[in-house]
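The values are calculated or read from the model by the stated rules, or taken from the named source; none is laboratory data. Values in this document were obtained by computation on a predicted structure and should not be read as measured data. Here the Cβ is made from the backbone with ideal geometry for all residues, glycine too, and neighbour counts use every protein chain on show.
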Amino acid sequence: MTISDELLNDIENAIKSVEISYSDDSWRASLPSDPGWYFIETNAPPDEFLAVGPPKGERHYNLPEKAKASLCLKRFGVCMLPSQSPFYFVYSGEAMNIKARAREHLSGHPKTGCLALENYPSLHQYKWRFYYAVCSFGTLTS
């Protein structure tokens, strides 16, 4: 097994998830304030993102524009969407503080690049999950 195989195995075994709630912030309490990787998943139909309107913050991601780009990729058969499950990843990233980054993607400061999902009530009716894996620097350097 190569070092990259070991690292991928460690990440796969370390991934945890929590369901995002728009009515209660307690879901974030279980998240660590450590560095790591994260993924945001939903079962919102991709077309729903087209109608949410422009971003509220100057650096918030433009969800309709990103959805248009994804739908273009889908037409060419190169968009990654699940074939069996209604859930799919809409965002992935890395952060020095997983808990803080989760907060940003939910509420978002206007000058922070993020999803700012609280600004889009029409998307709240769908399920959202936050997956994460803490980065163990000891694992990366050994």
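Would you be able to tell me the number of residues in region 118-142 that are in a helix (DSSP H, G or I), of a type in the set (A, V, I, L, M, F, W, C) and modelled with pLDDT of 95 or more? Residues meeting the conditions: 1.
Every residue in region 103-117 that is at pLDDT below 95 and either within 17 Å of residue 51 (Cβ to Cβ) or among the basic types (Lys, Arg) (or both), please. Result: 111, single match.
Might you check whether a residue that is in contact with a strand residue (DSSP E or B) (Cβ under 8 Å, 6 or more places away or on another chain), in contact (Cβ under 8 Å) with a residue 40 or more places away in the chain and on the phi < 0 side of the Ramachandran plot occurs anywhere in region 66-82?
To start, the set of residues in region 66-82 that are in contact with a strand residue (DSSP E or B) (Cβ under 8 Å, 6 or more places away or on another chain) comprises 80-82.
Still in the running and in contact (Cβ under 8 Å) with a residue 40 or more places away in the chain: none.
Within region 66-82, none of the residues are in contact with a strand residue (DSSP E or B) (Cβ under 8 Å, 6 or more places away or on another chain), in contact (Cβ under 8 Å) with a residue 40 or more places away in the chain and on the phi < 0 side of the Ramachandran plot.
Check 41, 48, 94 and return the single one that is surrounded by 12 or more Cβ atoms within 10 Å (Cβ to Cβ) and either among the hydrophobic types (A, V, I, L, M, F, W, C) or part of a helix (DSSP H, G or I) (or both). So that I can check it myself, show each step before the final result.
Working: 41 fails: either among the hydrophobic types (A, V, I, L, M, F, W, C) or part of a helix (DSSP H, G or I) (or both); 94 fails: either among the hydrophobic types (A, V, I, L, M, F, W, C) or part of a helix (DSSP H, G or I) (or both).
When all the criteria are applied, what remains is 48.
Scanning region 105-119 for residues that are out of contact with any strand residue (DSSP E or B) (no Cβ under 8 Å at 6 or more places or on another chain), closer than 22 Å to residue 87 by Cα and crowded, with 19+ Cβ neighbours inside 10 Å turns up 106, 114, 116. Scanning region 1-38 for residues that are of a type in the set (A, V, I, L, M, F, W, C), under 16 Å from the mean Cα position of the chain (by Cα) and either assigned to a loop (DSSP other than H, G, I, E, B) or loosely packed, with under 11 Cβ neighbours inside 10 Å (or both) returns 15, 20, 31.
Scanning region 21-38 for residues that are among the hydrophobic types (A, V, I, L, M, F, W, C) and touching a helix residue (DSSP H, G or I) at 6+ places or on another chain (Cβ under 6 Å) gives a single hit, 31. Would you say residue 100 is more than 14 Å from the chain's Cα centre (by Cα), hydrophobic (A, V, I, L, M, F, W, C) and surrounded by fewer than 18 Cβ atoms within 10 Å (Cβ to Cβ)? No; evaluated as a whole, the condition is false for this residue.
Would you mention how many residues in region 118-135 are of a type in the set (Gly, Ala, Ser) and under 16 Å from residue 51 (Cβ atoms)?
Let us first name the residues in region 118-135 that are of a type in the set (Gly, Ala, Ser), namely 122, 133.
Then drop every residue that is not under 16 Å from residue 51 (Cβ atoms), which leaves 122.
Residues flagged as of a type in the set (Gly, Ala, Ser) and under 16 Å from residue 51 (Cβ atoms) within region 118-135 amount to 1.
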